[in-house]
1. Work out which helices of the chain, taken as complete DSSP H runs, extend at least 18 Å along their axis over the Cα atoms and score a mean Kyte-Doolittle of -0.5 or more, then list them.
2. Which whole-number percent is the relative contact order of the stretch 67-166 (Cα, under 8 Å, 6+ apart)?
3. Between the stretch 449-525 and the stretch 283-360, how many Å separate their Cα centres?
4. Please compute the length gained on full extension between Thr103 and Glu581, using 0.36 nm multiplied by the number of residues separating them and subtracting their Cα-Cα distance.
5. Enumerate the amide H contacts of Asp488 below 5 Å, restricted to partners 5 or more residues apart or on another chain; note that Pro and chain-start residues carry no placed amide H.
6. How many percent of DSSP beta bridges within the chain run antiparallel, rounded to 5?
7. R0 = 51 Å: FRET efficiency of Arg149 with Ala34, Cβ-based, nearest 0.05?
8. List the residues, sorted by chain then number, that are 5 or more residues from Asp510 or on another chain and whose placed amide H is less than 5 Å from its amide H.
Amino acid sequence: MTEIAEAPSQPRVLWHPDDARRTSAVDAYRRWLATERGIDLADYDQLLRWSVDEGPAFWSSLWDYFELPGRGHIALTPDQADQVFCPDWFPGAELNYAERMLTLPGLGDDDLALFGRSDSRPDTRLTVAELRREVARVRSGLSALGVTRGDRVAAYLPNVPETLILFLATASLGAVFTSCAPEFGTQSVIDRWSQIEPKVVVAIDGYLFGDKPIRRDREVRHIVDALDSVEQLVVLPYLPGSEPVPGADLQWEDWGEAAELAFERVHFAHPLYVLFSSGTTGLPKAIVHGHGGITLEHLKSLAFAHDVQPGDRAFWQTTTSWMMWNLVISSLGLGGAVVMSDVNPTSPDVGALWRLAEDARITHFGTSPGFLQLCRRAGYVPREHVDLTHLLQLGVTGTACAPDLADWGCAAVSDDVRLMAGSGGTDICSGFVGDSPAQPVRTGRMASAYPGVAVAAVDADGTPVIGCQGELVVTKPMPSMPVGFWGDDDRSRYRAAYFADFDGIWRHGDWITFWPDGSCAISGRSDATLNRDGVRLGTAEFYEVLDVLDGIADSLVVHVEPTPGEGGRLLLFVVPENDQELDDTLVAAIKAAIKSQLSPRHLPDEIHAVRAVPRNLTGKKLEVPVKRILEGAAITDVATAGALQNPESLEAFAALAHRS
């Protein structure tokens, strides 16, 4: 059995650039800068400083480096170089995201472009030529349905090749794409799509999750009937032996004929797709992202942070409702094949995705800390069961990854895999900070801000702070900041969402700490602050301690103030392992761990056992809705059932609030 050592409490190096198996894409870019621009940057630190200090020059150089249409475009006019709120990026430039992605640089027609694995059907493989033909065919079908520039096309589809094909076809026309994963409840879908009024809906009839059939025909019909804007329903038959969806206009295989692939070039800020906020605490925000911003930011992020290169194969454990789906599929633009999966990750055991990694020869494998923890608790060490020698990067995001879990995850995969932890959000459809192939990877910290991102931690007055926790802010523009919110014509809601607290500066809503060397750590959402005796604490600090404690399967911590100004209470909720009781021994172990690894100040006022921690559909813990419930709000006022994995879990918190 592989020996996997416990991680020490202090950060330690998990991977060093000297261990890299190839030259990184970011080094290739630095050489290009020296040759083509006469800008000689000795190392990655100099690149980071230059990319922020000379932002317009940096982003303009990427236009040429990644060979976007035309040359010599200016990123921002001088008077907008520091304007964070809605600057006019690349005035006069036109491009199309799908055109750039379907170049697949470095690949030939017969090379693999897409690999799909499903519980519902055999594996799917598409070559570069086949992908282009399918996009052209579906584009023809959309055109025949009257879809033109600006129309919305909505997908109720899982993470399968057809979803990506539909997206690229939609983008090629200058139409606007959006998607909801099929596990979304009908009202959650209606709440989202009613805001943008789609013209065409493409949906599945159901799916297998493991060996369990999940019908979706009635849900699809209910969604379409509730949307007056829908003119056509196209169904992808996906559940073996299912009944036809009532009222379907077309089947996937019957629409679109062989056609030439073409692209409608649009201005930089033209809407590409609409992503939605979680919607757990109200009507989801319809966040509009543009062709130019997404193309440029994704190529930069995937090249310089993830180091995707021609011939790589990229996978992320995600649904079509999470921005990581949108990010990872842009690997096509760097010559990376995309691996897609909608299998049950625990059926027949937790090795399902690792077997996919072996079979598809995945080089970039992305998952969540929660999945790594699941494998660890099950005693499943991937390298003992499958061949992962081709795996270069283990990506983790969604929530903070505890140091010992990061250490375990890397050791469980191989001796030289690179951990890539990052933090960003749906709002920018990318990351602000994280690791890179040019910097050492350490437990408990992310290496730095990403190139071109002017990110800082500030106190309540907006003053930058180092070595202590502050609000994550961005002080210079990024091209993938949203074009706006759908229907928010005067951008008042957009301004209120990000710019209400600090004038002219983007406030993201996360706690972050920067150290003098530029490394950083996220401590949780700032709207879920744990205010203990006037000291603000991040929830991630608790989870790092509790997630590795024997006897604890999951946990959630909140600070509640039923009556403002009375100090409030720090409440800890735990899910004991294997249905055991929260007895005095386990409580004592929890308190001892918190006291020794955090401080006596962190000791909770109360510890309660619950059957489950409420999470949204991307797996994030619902700290703010729980806090509001415990302060007296009704469940229906703070959470939408269809946007949660386990809405019934909120009942325990409502019952506690009632007793209190």
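1. Values: long enough: 128-144 (24 Å, -0.08); 291-304 (19 Å, 0.31); 584-597 (19 Å, 0.56).
Result, helices passing both filters: 128-144, 291-304, 584-597.
2. Details: 69 pairs, mean separation 19.4, N = 100.
About 19 percent, as a whole number.
3. 25 Å
4. Numbers: separation 478, 0.36 × 478 = 172.08 nm, distance 5.71 nm.
Answer, rounded to one decimal: 166.4 nm.
5. none
6. Values: 54 of 92 bridges.
Approximately 60 percent, going by the DSSP bridge assignments.
7. Details: r = 40 Å, r/R0 = 0.79.
Once rounded, the FRET efficiency stands at 0.80.
8. Long-range HN contacts for Asp510: Leu472, Ser526.
The values are calculated or read from the model by the stated rules, or taken from the named source; none is laboratory data. What you see is a predicted model; the values in this text were computed from it and never measured. Glycine gets a Cβ as well: all are built from the backbone with ideal geometry, and neighbour counts include every protein chain shown. We work out accessible area using only protein heavy atoms, side chains counted, and drop any ligands, DNA or RNA first. Shrake-Rupley method; radii C 1.70, N 1.55, O 1.52, S 1.80 Å.
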